[in-house]
Ligand code: PMP
């Protein structure tokens, strides 16, 4: 039977990680895989998570099953973290999922149950797994203009034009903050325009928010999602705890759904539970339990917020410093966008050949579309990186 299996394309980022590991050059710089690293190049377990794990070890009495939608206390804590407390609880439903990827999958499954023929409109570019999942599910999908490669900024005119042409009942996927792979996010005023356009076309909106707290702050990074929730009748939100709680391998995430009324929320809730049942019965709980403890305990929450602030400050300082170093090395403002963008990623906007040259001649590793994980850098590496980029782009 397995004769019939097609070989799957290699995961480009995992391949890059292998190449990086095999590279013997001591000055090598890894800007590939999207995980946060501290100044020592380590992806640490957050102290708040360690403390919560300690407390959980002391207090947990059973590892019996949770509910099919996970622990309601976790879902409710995530809902308040993302949506704030203003939105009526009766309009909310949600389920714990296997990481943010599970949330995207379950959110799309729910949409497909409700409207099997809908086309999902995703930004160009987007996280490649969005398109891969849509493809695997056999859902129709297409892109809307999002990014201007020339300027490294949002293509706001193109985006609004494309969104205004979305047929009623289709689905629009947006990144809530810290767009992956470009780092280009709409401003508050632009989000207001986007929300107004989506209201007009009456599209179903799905927000993927995987980096809350990595851009400008916990509240600031949720502002766009909250705006959409306040303006639109319905909203699906896929949330990941992988980055902002550093829980990558523990697979904590949630799909949150805002609907018109308590009656709709009840139907959504039942469907989310069933979708979890069909995929893996119960979502993983360890990471979710830690997140719930951290968010509900003021001491742990304060500690977590401080750690997250330090991570965000490190990324934003690296951005400012790298943009300044590139300005000095190239004598131009070509890369100034790096300082203005948010989150872990920016796209340099160089050719695949130049990406290869950076790797072969300078031991600088980034994804083929020239996406860089800024959080992979140390301050000491900035001058070397800036010189390598300037050299390569001459
Ligand atoms: N959405 C986006 C945009 C992401 O970049 C990621 C992680 N790379 C995710 C969702 C999902 O992350 P995870 O499944 O690890 O929680």
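Side notes on the structure shown:
- The separation of region 158-183 from region 240-256, counted between C-alpha centres, amounts to 23 Å.
- In terms of other Cβ atoms within 10 Å, 18, 220 run from fewest to most in the order 18, 220.
- Tilt relative to the chain, helix 128-137 - C-alpha long axis, 0 to 90 degrees, to 10: 40 degrees
- Taking only the C-alpha atoms of region 1-151, Rg followed by Dmax gives 20.8, 57 Å.
- Stretching the chain fully between residue 220 and residue 150 yields a gain of 22.4 nm (0.36 nm per residue, less the alpha carbon separation).
- Within region 257-296, the ratio Rg/Rh, alpha carbon atoms throughout and Rh by Kirkwood, equals 1.10.
- At q = 0.07, 0.12 Å⁻¹ the log10 of I(q)/I(0) for the chain amounts to -0.32, -0.97, computed by Debye summation with a single uniform scatterer per C-alpha, solvent ignored.
- Using R0 = 56 Å, the C-beta based FRET efficiency linking residue 249 and residue 168 works out to 0.85.
- Taking the inverse of the mean reciprocal distance over all distinct Cα pairs, the Kirkwood hydrodynamic radius of region 190-328 comes to 17.4 Å.
- Label-to-label distance for residue 192 and residue 320 is 2.7 nm, based on points extended 7 Å past Cα in the beta-carbon direction.
- Structure remark: mean-square fluctuation, Gaussian network model of the chain, C-alpha springs under 10 Å; the largest value among 321, 329, 150 belongs to 150.
- Nearest-ten-degree value, helix 218-231 long axis tilted from longest Cα axis of the chain: 50 degrees
- Cβ crowding within 10 Å, taken as a proxy for footprinting-reagent exposure, orders 347, 263, 145 from fewest neighbours to most as 263, 145, 347.
- Debye intensity ratio I(q)/I(0), log10, region 123-197, q values 0.16, 0.20, 0.22, 0.24 Å⁻¹ (C-alpha model): -0.59, -0.92, -1.09, -1.26
- Label separation (residue 117 vs residue 394): 5.9 nm, computed from points 7 Å beyond Cα along the C-beta direction.
- Relative exposure of 143, 97, 66, judged by other C-beta atoms within 10 Å (fewest first): 143, 66, 97
- Most mobile listed residue (330, 317, 62) in the chain, GNM with C-alpha springs under 10 Å: 62
- Take every pair of alpha-carbon atoms less than 8 Å apart whose residues are at least six positions apart; their mean separation over the length of region 202-248 yields a relative contact order of 50 percent.
- Axis angle, to the nearest 10 degrees, between helix 72-83 and the longest C-alpha principal axis of the chain: 50 degrees.
- For the pair residue 305 and residue 266, the difference between a 0.36 nm per residue extended length and the Cα-Cα distance amounts to 10.8 nm.
- Value of relative contact order over region 160-270, rounded to a whole percent, pairs C-alpha under 8 Å and six or more apart: 24 percent
- Its relative contact order, with pairs defined as Cα atoms under 8 Å and 6+ residues apart, puts the chain at 27 percent.
- Here the Gaussian network model covers the chain, with springs between Cα atoms less than 10 Å apart; of 22, 195, 164, 22 fluctuates the most.
- Additional length obtainable on full extension of the chain from residue 281 to residue 17, 0.36 nm per residue less Cα span: 91.8 nm
None of the figures in this text is laboratory data; all of them are computed from the coordinates on show. This one's a predicted model, so the numbers in the text were calculated from it and none came from an experiment. A quick note on method: Cβ atoms are made from the backbone with ideal geometry, for glycine too, and the neighbour counts reach across all protein chains shown.
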